[in-house]
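The values are calculated or read from the model by the stated rules, or taken from the named source; none is laboratory data. Every value quoted in this text rests on a predicted model; they were computed, and no experiment measured them. Here Cβ is always computed from backbone atoms with ideal geometry, including for glycine, and neighbour counts include all displayed protein chains. For accessibility, only protein heavy atoms count, side chains too; no ligands or nucleic acids. Shrake-Rupley method; radii C 1.70, N 1.55, O 1.52, S 1.80 Å.
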Amino acid sequence: LHEKSAISVFLHGIFASQDLGWRGRFLTGHARHRAALFAGILCVGCGASGPTESAGQSSALQKGGELIVSVRTEPRSFSTYTSQDATTHLLSLLTQARLVRVNSASQQLEPWLAESWTRSDDGLSYTISLRPGVRFSDGVPLTADDVVFSLAAAYDAGSMISDSLQIDGERLEAAATDSRNVTVTFPRRFGPGLRLLDDLPILPKHKLQAALDAGTFGKAWGLSTPVAELVGLGPFVIEEYRPGQHLVLTRNGHYFRTDASGIRLPYLNRIVVEMVPEQDAQILSLQAGQTDTTASEVRPEDYSPLKRAAEKGALQLLDLGVAVDPDSLWMNLKPGAFDNDPRRSWIQRDELRHAISLAVDRRVFVDTVYLGAATPVSGPITPANKRWHSDHVPQIGHDPSGAKSLLATIGLEDRNADGLLEDRAGRAARFTLLTAKGQTALERGSSVIRDELKKIGLTVDVVTLEGNALVQRFLSGSPYDAVYFHLTTTDTDPALNRDFWMSSGGAHVWHLGQKLPATAWEREIDDLMLRQATALDEEERRRLFIEVQKIFLKHQPMVYFAAPRIFVAASSRMSNLTPAISRPQLLWSADTIVVAPR
Amino acid sequence: MTTYFARRLIFASFLVFAVSSASLLLVRLAPGDYVTESLGVGADPSAAERARAYYGLDQPIGLQYRAWLWNAARFDFGRSMAYDRPVADLVPERAANTAILAAAALVVGTLLGLPLGVLSGSTRSRIITAMVRAVSVLLVSMPPLLTSLFLVFVAAITGWFPIGGMQSPTAASSQLADRLEHMAVPVLALALPLAASFERLQGQSVSETIQQPFIVAALARGVPRRRVIWRDALKASLRPVASVYGLVIGSLLSGSFAVEMITAWPGLGRLMLDAMRARDLYLVAGCAAAGSLFLAAGTLLSDAALTLVEPRVRDG
């Protein structure tokens, strides 16, 4: 079975096993632990799990069966309130439910546990009605008190999601008006509105109130908790956890959703989550039919063998389109960082970053780094972000001579005819680019940047650091010249990623946590983003964000080259899939997935 | 003899202390920490500070080490930051899995390597000798990482064995056949290079031993060749293999890092790698301590084996 395809995987760089490991962890944004939510371009046998209970043509769908999924890392908790790693997030999607959900495929906010809501005239309060008859997996009814409790728990000292549920450091407030209605009040008007609550799984008050009262909520639902104690509103419950091996989830008999024919979801009886830390082994296991899918996308280098396997009918390879978050290069723009450095006259100048952007041939970048499976981009908002990407924001072409001219304006010219640029004092124009070790796309990307910049005479020394060390380097304020890395935004809505856009933000990586904007253009972006976040009119918000993108591109504090295409593989047993571009691409809508018998 | 083993025990204790201390200090000194890894870019600085204080990462390294040492002396090895469980609970369950793997690999490696070594060292057939040695050289030159990838690949295309894991989700914990099926790939990945090493050592030793006068004399007295070789020559030639047994156990542990990752075996190596990536320093120290215990136990075992086949060690 699949001999030829497996060989390619086998021969693939075995040290690339850390690929994607760090990517999933370093999230920026208001809602760090939530996966970014974007539309998938391909929908295979869609059951169209819509905002209500419509889950497709159930008469043709087979109920039951077991799905085997592989993940690369163990969960660190059974609750996203206390850990935000990818596997804990996956478990939360499978076992918990929110008041509202951002549909990964449509990008739209949809009612989930909430049946409906109304917004007050001042835009500050939302009155939410819960669906009637919803029960936790232990049979206890959901009430408005559970919602109030969940928000209180989110703000507990032991919670990791507190930041993501605050607006400029101020908390939301919730009050139950009766058992089915709850009012959530925002500290100020907030454009994304209830979208913020996609971050808030509703927890059972009857199970966790004691821990919250005792101040031990941060330790509740850790991995040593007996799985029988875990209660949720999601489609599945955890039946077994074997550390380092697997998790077994079975259908929640009290799950609130039904399909269009009234059949109670989920269709699946069981999901087995196997922990396979090595990515080559994950792909081999998929090809051998021992697992049905992976929780995240496949690497570009796995595309060919998987495509061959797909052509034989052994599995499905789904092209979900361009990724939301491209890798990026940024220079250290902290004022004073180069005061004692002879390069201070040019290394933080806009012209240098513009020259880098013009000098790199993005087509070469796409072909070399992503083996052709990518799209050239010039800014952080890729075409995958359908709501906020705009054609009014210009794209940057390949213009090496323009790049050289720009560099000449900051004194970098080839003064000794050796093909390399020197500054006015005759010193080589040279900087160090840090990137993460073991991440193939970043390592390849850095090499392409080095080679392309060499063509215009800029010398780049690429240094790879272990992921944690690299992040610590630029977060701690240690000296560095430039970084090439992957930051993952967490929502399509820029107002939920203000810590990236605003100068005071913790993800404003080129100059972190500014007390006051260091430049006029950063002040301008701050102002626009504040207006964008508080506006309730969607068109106004869009217009303001286009302005932000234009200013960003004019100064290019971060330089972008390409966004990879995202592929996921699934066994041919799986159907009724609703793929989305963000992780977990298939399992975000696990309640409507169907499998054929083995 | 008692003094000898007492010395070895003292050395083993020192080894465990030194390795775990060094691991803890090195992880603590490395750039980045658990808070950076878990909160990531964009974390609120005050939340990161609180987290550092919670985990004790805001303390000076000397103070932190002293506290850990004091607690470790009372068998409290701290709490894993990533798993939020006591290290003393996490490490033994994973170490047991690694021990199962290592023991099985040692047994399989020995049962394959020793007889093949005796065969290649004593046979008159050049073809058999050449074949055994060729396979051995190939396997010796393949690190466990490659061997395991190759075996996973074979398992994938043949479907003979599960590619990874320790147990099927459907199997009861006592289902031995299921366990053995899952063990096949990782055990062979570790055992084949080991068997090849044993074969090389044993083959060389046997070919030298059968030249010894007492073997020649036994053969001259008419004792059957097979009996002389498999009883007398085998015993007399065991010293090289016995003397490397301790080192082999150590190498099994380091080899198991790669094998456990590729075959998804939930052992100590995988746990330690995860802990190092997460900068989970108490867990790293605990894993290192367990690893050095393995090495110390292996060395003791090796010494014991050596005393069995070489009385001069016991006497002197």
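In this structure, the pairs whose alpha-carbon distance is over 19 Å, taken from A:Lys515/A:Lys550; A:Lys404/A:Lys455; A:Lys455/A:Lys554, are A:Lys515/A:Lys550; A:Lys455/A:Lys554.
Accessible surface comparison of A:Arg195, A:Arg76, probe 1.4 Å, protein chains only, largest first: the order is A:Arg76, A:Arg195.
Charges at C-beta only: +1 for Lys and Arg, -1 for Asp and Glu. How large is the resulting dipole of the protein assembly as shown about its Cα centre, in Debye rounded to 20?
On the way: 90 positive and 89 negative charges, 600 e Å.
Using only the charged Cβ atoms, the result is roughly 2880 debye.
Give, ordered by residue number, each residue of region B:6-34 whose 1.4 Å probe accessible area is reduced by a minimum of 20 Å² on adding the remaining protein chains to the chain alone. Residues meeting the cut-off: B:Pro31, B:Gly32. Compared with the dominant Cα axis of chain A, that is its longest principal axis, helix A:86-95 is turned about 30°. Take the Cα of B:Gln212, go 7 Å toward its beta carbon, and the backbone nitrogen atoms of region B:224-267 under 20 Å from that spot belong to B:224-245. Ordered from largest to smallest accessible area (heavy atoms of protein chains, 1.4 Å probe), the residues B:Phe17, A:Phe561, A:Phe256 come out as B:Phe17, A:Phe256, A:Phe561.
The three principal axes of the C-alpha atoms in chain A carry coordinate ranges of 79, 62, 42 Å, sorted with the longest axis first.
Assuming charge only on the beta carbon of Lys and Arg (+1) and of Asp and Glu (-1), the dipole of region A:322-395 about its Cα centre is about 120 debye to the nearest 20. Across region A:512-573, the convex hull enclosing all Cα atoms gives 181 Å³ per residue. When nucleic acids and ligands are ignored and a 1.4 Å probe is applied, A:Lys207 ends up with an accessible area of around 80 Å².
Straightening the chain between A:Leu124 and A:Lys307 buys 60.8 nm, computed as 0.36 nm per residue apart minus the Cα-Cα spacing.
Computed over protein heavy atoms with a 1.4 Å probe, the carbon and sulfur contribution to the accessible area of region B:170-233 reaches 57%.
About the centre of its Cα atoms, region B:16-106 shows a dipole size close to 260 debye [charges on the beta carbon of Lys, Arg (+1) and Asp, Glu (-1) only; nearest 20 debye]. Once you keep just the Cα pairs under 8 angstrom separated by 6 or more residues, what percentage relative contact order results for region A:309-446? Normalised by residue count, the contact order of region A:309-446 is 23 percent. Ranking B:Ala96, B:Gly42, B:Trp70 by how far each Cα lies toward the positive end of the dipole of region B:6-141 (charges on Cβ) leaves B:Ala96 at the top.
Show that you can apply the helix-only estimate: for the protein assembly as shown, add -39,500 (n - 2.57) for every DSSP H stretch of four or more residues, divide by all residues, and state [θ] at 222 nm to the nearest 500.
When only DSSP H runs of four or more count, the value is -13500 deg cm²/dmol.
Counting only heavy atoms of protein chains, what accessible area per residue, in Å², does region A:168-249 have with a probe of 1.4 Å?
37
Computed over region B:113-188, the convex hull of the alpha-carbon atoms projects to a mean area of 6.5 nm².
Surface composition of region A:64-103: carbon plus sulfur atoms contribute 53% of the solvent-accessible area (1.4 Å probe, protein chains only, all chains present).
Can you give me the % of accessible surface on region B:1-94 that is carbon or sulfur? Probe 1.4 Å, all protein chains present, nothing else counted.
Numbers: 3410 of 5070 Å².
Of all accessible area on region B:1-94, carbon and sulfur atoms account for 67 percent.
Between A and B, buried accessible area from a 1.4 angstrom probe totals roughly 4300 Å², ignoring ligands, DNA and RNA.
How big is Rg to Rh over chain B, alpha-carbon atoms, Rh as the Kirkwood inverse-mean-distance radius? Spell out each step's value before the answer.
Working: Rg = 23.6 Å, Rh = 22.1 Å.
A ratio of 1.07.
Think of region A:355-418 as a dipole: +1 on every Lys or Arg Cβ, -1 on every Asp or Glu Cβ, centred on the Cα centre; then among A:Gly397, A:Val360, A:Pro376, A:Pro376 lies furthest on the positive end. Can you tell me, using C-alpha contacts under 8 Å and at least 6 residues apart, the relative contact order of chain A as a whole percent? Contact order relative to length: 24 percent. Both radii are taken from the alpha-carbon atoms of region A:335-470; with Rh as the Kirkwood radius, Rg/Rh is 0.99.
Once the Kirkwood radius over Cα pairs is known for region A:384-532, the Stokes-Einstein relation at 20 °C and 1.002 mPa s delivers a diffusion coefficient of 120 µm²/s.
Since only A:Leu536, A:Ala520, A:Ile546 are under comparison, the one whose Cα sits farthest along the positive direction of the charge dipole of region A:505-563, derived from C-beta charges on Lys, Arg, Asp and Glu, is A:Ala520.
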